[in-house]
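Derivation of every value follows stated rules applied to the coordinates shown; laboratory data play no part. Just so it is clear, the structure is predicted and the values come from calculations on it, not from any experiment. Here Cβ is always computed from backbone atoms with ideal geometry, including for glycine, and neighbour counts include all displayed protein chains.
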Amino acid sequence: MKVILWMAMSVNGIIARENNEEDFISDDSWNAWIGYAQKVGTIVWGRKAYEIVKSWGKKYIDDLKNIQKIVVTSDPNYKVEEGFEIASSPQEVIERLEKEGINEIILTGGSTLNSSFAKLNLIDEIILNIEPVIIGKGIPLFRPEVFDLKLEFIEIDKYQGKTTQLHYKVLK
Ligand SMILES: NC(=O)c1ccc[n+]([C@@H]2O[C@H](COP(=O)([O-])OP(=O)(O)OC[C@H]3O[C@@H](n4cnc5c(N)ncnc54)[C@H](OP(=O)(O)O)[C@@H]3O)[C@@H](O)[C@H]2O)c1
């Protein structure tokens, strides 16, 4: 299973404000992410990231139709909208999807779930869509935890003159 972490962030690694607003993340980033998610076919969110996107309105959930959507939560009774599935841990995500014959997924936060996967050394590639802004205070790409990921540069790309995309492989 290849796990690709795909996140949009400020130059200094902030993925949302402390109140969860993502006003500094552009539509270009959302559209680039949707395009990649459609190509890969499966996305994984933490329970909080799922609730935040749901709160933005139907349009954003509708953008995800035809994509397999997994929400990770420790609550076995957690209810998700139609078209979403739940899993109780990163390990369960991998084991279940491998049994379904899936060999590539996108992990898209938030901060806590990213660290959960990183601590288990389950991330294989990282794609960062970087917005041309610095946000002094907010939620970081990874919630502070003890782990190191050593990376190898794959490529850099520029989207519509605004965001810059960095793509790395995680060395294992
Ligand atoms: N810029 C971007 O690309 C981007 C993308 C995604 C999200 N975000 C932002 O990220 C923020 C959310 O990040 P967050 O760190 O607060 O929350 P999060 O990572 O989205 O969700 C955390 C929750 O996921 C579940 N979880 C995480 N690790 C787990 C594990 N090992 N086993 C079982 N359950 C696990 C737990 O749910 P339970 O509490 O239910 O057990 C945990 O409380 C939001 O502001 C969102 O807007 C930004």
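Across the options 74, 93, 133, the greatest Cα extent toward the positive end of the charge dipole of region 28-172 (unit charges at beta carbon of Lys, Arg, Asp, Glu) belongs to 133.
Here the relative contact order of region 21-172, from alpha carbon pairs under 8 Å that lie six or more residues apart, stands at 22 percent.
Applying 0.36 nm per residue to the separation of residue 59 and residue 98 and subtracting their alpha-carbon distance, the gain on full extension is 11.0 nm.
Each Lys or Arg adds one and each Asp or Glu takes one away; over the other residues whose Cβ falls under 15 Å from the Cβ of residue 23, this sums to -3. For the chain, there are no membrane-span-like helices by this rule, meaning no whole DSSP H stretch whose C-alpha atoms cover at least 27 Å of axis and whose Kyte-Doolittle mean is -0.5 or above; this says nothing about an actual membrane. Extension gain, residue 91 to residue 147, is 18.4 nm, computed as 0.36 nm per intervening residue step minus the present C-alpha separation. The loop-placed trypsin sites (Lys or Arg not before Pro) in region 100-160, going by DSSP, that have at most 14 neighbouring Cβ atoms within 10 Å of their Cβ come out as 137. Please tell me which of these pairs span more than 26 angstrom C-alpha to C-alpha: 58/79; 58/169; 99/172; 65/169? Table pairs above 26 Å Cα-Cα are 58/169; 65/169.
Starting from region 95-172, pick out the GluC sites (Glu not before Pro) whose DSSP state is loop and whose Cβ has at most 15 other Cβ atoms within 10 Å.
100, 145
Label-to-label distance for residue 162 and residue 18 is 2.7 nm, based on points extended 7 Å past Cα in the beta-carbon direction.
Rg then Dmax, both in Å and based on the Cα atoms of the chain: 15.2, 44.
Just from its helices, what would the mean residue ellipticity at 222 nm be for the chain, if runs of 4 or more DSSP H residues each count -39500 (n - 2.57) and the sum is divided by every residue, rounded to the nearest 500 deg cm²/dmol? Mean residue ellipticity, 222 nm, calculated: -8000 deg cm²/dmol.
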